[in-house]
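Student: After the structure tokens below, expect a handful of questions from me.
The values are calculated or read from the model by the stated rules, or taken from the named source; none is laboratory data. Note that the structure is a prediction, hence the values are computed from the model and not measured. No Cβ is skipped: glycine too gets one built from the backbone with ideal geometry, and neighbour counts run over all protein chains shown. Just so you know, the surface numbers come from the protein's heavy atoms only, side chains and all, with ligands and any DNA or RNA stripped out. Shrake-Rupley method; radii C 1.70, N 1.55, O 1.52, S 1.80 Å.
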Amino acid sequence: MRRTLFVGLLALSIPGVAQAQAQTQPYRVAFDLTSRDSLDQKAVLRWIREVGTSSPNAQMEVVMYGKGFELVMPERSAYSAEVTQAIKNPNVTFKVCAIALKNNNVAASQLFPGVQTVPDGIYELVSKQQEHWGYIKVMH
């Protein structure tokens, strides 16, 4: 009887322990943006706002390669005001693959101030996943 009672109490306490552990884990997410599609770019900016609103301490990183970096080019971005606002958030970083810039003959100086470059965008995403960051592929 005692054993059954103990097992029952243990089973009831496990969800509470799991929930407490989940709340202490940092909220860190890397967004993978490879598209110049304005709907994808709009989506990632919306997600940054929504996550930042619901979890103000969440760390977010947008990693861009392929043609995704056009989001953070003032001359090409359809969302300059939104990008400028997102860059102001200390928990949001925008990182662009240097290989993608080179392949498209774009200089880092053509990016918004505050946007960082990384040697390899894919490696950046893999590294974040190894550090237990969440991974979201941006697509609509």
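Student: Tally Lys/Arg at +1 and Asp/Glu at -1 over every other residue whose Cβ is under 11 Å from the Cβ of residue 28; what's the total?
Tutor: Values: positive: 128; negative: 61, 131.
Cβ neighbours under 11 Å give a net charge of -1.
Student: Considering only protein heavy atoms and a 1.4 Å probe, what is the carbon-and-sulfur percentage of the accessible area of region 24-140?
Tutor: Summing carbon and sulfur atoms, their accessible area is 52 percent of the total for region 24-140.
Student: Okay, next question. Whole-Hz Karplus ³J(HN,Hα) for region 37-44, in order, using 6.51 cos²θ - 1.76 cosθ + 1.60 and θ = phi - 60°, x for Gly and Pro?
Tutor: 4, 5, 5, 5, 5, 4, 4, 5
Student: Any idea what diffusion coefficient region 34-140 gets from Stokes-Einstein, in µm²/s, Kirkwood Rh on alpha carbon pairs, 25 °C, 0.890 mPa s?
Tutor: 177 µm²/s
Student: Counting only residues 5 or more places away or on other chains, whose amide H sits under 5 Å from the amide H of residue 94 once H atoms are built in the peptide plane?
Tutor: Those qualifying (amide H under 5 Å, at least 5 residues apart or on another chain) are 62, 116.
Student: Right, here's the next one. To the nearest 10 Å², what's residue 93's accessible area with a 1.4 Å probe?
Tutor: About 40 Å², rounded to the nearest 10.
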